[in-house]
Amino acid sequence: MTQAASSIPPRLAVIGGGQLARMMAEPANALGLPLRLLAEAEGVSAAQVIPDHLVGDYRDLATLQRVTEGCAVVTFDHEHVPTEHLHALAAAGHAVRPGPEALVHAQDKAVMRQALSRLGLPCPRHSVVESARDVVAFGFPCVVKTTRGGYDGKGVWVVRSEEECAEPFATAERAAVQLLAEELVDFRRELSALVARSPSGQAAAYPVVESTQVDGICREVVAPAPDLAPDLAAQAQQIALTVAGALDVTGILAVELFETTDGRILVNELAMRPHNTGHWTQDGAITSQFENHLRAVLDLPLGAPHPRAPWTVMVNILGGPSDAGPLWSGYPHALARDPQLRVHLYGKELRPGRKVGHVNAYGEDLADCLERARHAAAWFAGELGDHSE
C-alpha cells in the first residue's frame, strides 16, 4: 500500500438515521472520518448533518449492500437489522461492528437471558412463555416482554392476572415474536454501566450512573450514581466488561441494571450502541461515548472515560404538542440563565413524549446540577413560561 493510499481514512457506514447517528457525526468530523448513512426517510435526524446518505429500508439486503459499498466498517444507530443480513454483509467482507453473533444478544431478550445465565451473571428470574397458562405457572405479578422489537417501554407489560395476559399475547402473535416472563423486581433504582471495547480487546469503563425512567422512557441520568457502594459500582463495571469480552462486543455496550432494595444488582437489558444513559459523556467525560464508539469500531486506541467534573446531570427534552412552537425559541432564556449549560437538539418534529433533545449540566454540587438541568429541559419542553415573551 502506498503512503498516499494508507493516508485515506476508512469510510464508516452507519445504519439508522436517528439521534445516535446524528451525534456520531460531530466526533467523526473532528477525527476526519467520513460517514455514510442509511436513513429511514429524507430529513430524519442524522440525515440533516451527514450529507453522504441514502434513504431506504434497513430490512432490505440489497439496500444494505448498496449503502455499505466501499465502506470498511459497518455500525448501527439501532439494533433492528435482521441477523441474517448482518451475516451476509460479514460474508461479503465488511467488518460488521458489533458483529451479528454479538448483536443478537441485544436483539433477542431470550437469547440474552440464556447467555447471561451461562456466564453466571445476576439476572431476574425468567422464562419464555407460550400461553397465558405458562404465565400463571410462572407467577403473578410479573413483567411480560416481547423478545424482539421492544424499546422505550413498548412491548413491555406488568401483568397481575391471567386476563391481563391477553394484550401481550395478541401483540406477540401479530409481530410473530416470543414472549419472556420475568419477575417483577423490587428495586431501589436503575443503574447503567457503559463500556467501550475494540476488536483488539482494549476496553474502557465509564462511571456507573443512575437513570430515572418515566413510563418506560429515560428521563434523567446522574453521573456518577449518588451513594453507590464502591463494591456494587465495581461489580457493575465488571459485569459490563465480562459481557463485552464474552460476547465479543465491539463498540459501546450499555448494561442496564436494577439495584435491588436488599443491596444486589441484577442485569435488566443490554444495548450494543451509544445509549441514552451515556449522553452525559458528551460534556461530562474526557471522551464521549460517541467518539469512543467510533474509535472502537475502527480499532483505534480508546479515549479516557474519566469525568471532567464531580457531577454531570443529563435530562431529556420530551416533545409536547406539535403547535407548541420551535424548540430553538427556548435558547435565549436557557442559555442566558445558565451560560455553562450544554444543549443538544435532534432536529425532530415535536410529538408528545418523543425524545427531541437533551441538556447536560455539570459542576461541583449535585443539587445545583439537577436544578439547572431540570429547569432547562422543562423550559425547552414548554413546561415553564412563554417563549414568546
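Read the figures in this text as sums done on the coordinates, not as results from a lab. Small disclaimer: the values here were computed from a predicted structure and weren't measured. Note that each Cβ is placed from the backbone with ideal geometry, even for glycine, and that neighbours are counted across all protein chains shown.
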Problem - Dipole axis of region 3-96 (+1 Lys, Arg; -1 Asp, Glu on Cβ), positive-most option in GLY16, ALA46, PRO34 - result: PRO34
Handout entry: For region 125-183, size of Cβ-based charge dipole, Lys and Arg +1, Asp and Glu -1, in debye
Key = 180
Exercise for the section: Could you work out the Kirkwood radius for region 50-102, taking every pair of different alpha carbons, averaging 1/r and inverting it, reported in Å? Expected result: 11.3
Completion exercise
Cβ density ranking, 10 Å radius, fewest first, applied to SER288, SER117, SER329 yields SER117, SER329, SER288
Practice task
Using Cα centres only, tell me the gap between region 174-197 and region 254-277 in whole Å.
Solution key: 7
Practice task
Only Lys, Arg, Asp and Glu count, each charged at its Cβ (+1, +1, -1, -1), so figure out the dipole size of the chain about its Cα centre, rounded to 20 debye.
Solution key: 800
Fill in the blank from the handout: Note on the chain: alpha-carbon gyration tensor, axes a ≥ b ≥ c; rule is a/c under 1.5 for rounded, else prolate if a/b larger than b/c, else oblate; result rounded
Problem - Label-point gap, in nm, between ARG174 and ARG264 - each point 7 angstrom along Cα→Cβ - result: 3.6
Exercise for the section: Evaluate the relative contact order of region 187-380 (contact order divided by residue number), counting alpha-carbon pairs under 8 angstrom at least 6 apart; express in whole percent. Expected result: 21
Handout entry: Flagged links, alpha-carbon separation over 18 Å, of LYS154/LYS355; LYS109/LYS355; LYS109/LYS154
Key = LYS109/LYS355
Problem - Beta bridge orientation in region 23-176: antiparallel %, DSSP, nearest 5 - result: 45
Exercise for the section: For region 125-183, take the alpha-carbon Rg, divide it by the Kirkwood Rh, and send me Rg/Rh. Expected result: 0.91
Exercise for the section: Treat the count of other C-beta atoms within 10 Å as a stand-in for reagent exposure and order HIS275, HIS126 from fewest to most. Expected result: HIS126, HIS275
Exercise for the section: Equivalent ellipsoid semi-axes for region 3-96, as square roots of 5 times the alpha carbon gyration tensor eigenvalues: give them largest first, rounded to whole Å. Expected result: 20, 18, 10
Completion exercise
Per-residue ellipticity at 222 nm attributable to helices in the chain (runs of n ≥ 4 DSSP H, -39500 (n - 2.57) apiece, nearest 500 deg cm²/dmol) works out to -9000 deg cm²/dmol
Practice task
Using per-residue counts of other Cβ atoms within 10 Å, averaged over each peptide, order 44-50, 247-253 from highest down.
Solution key: 247-253, 44-50
Fill in the blank from the handout: Distance in nm between GLU349 and ASP231 label points, each 7 Å along Cα→Cβ, equals 5.4
Fill in the blank from the handout: Simple SL model, points at 7 angstrom along Cα→Cβ for GLU69 and GLU26; separation in nm is 3.4
Problem - DSSP beta bridge pairing in the chain, given as percent antiparallel to the nearest 5 - result: 80
Problem - Overall dimensions of region 251-389 by Cα: Rg and Dmax, Å - result: 16.7, 50
Completion exercise
Relative contact order as a percentage, the chain, C-alpha pairs under 8 Å and 6+ apart, gives 13
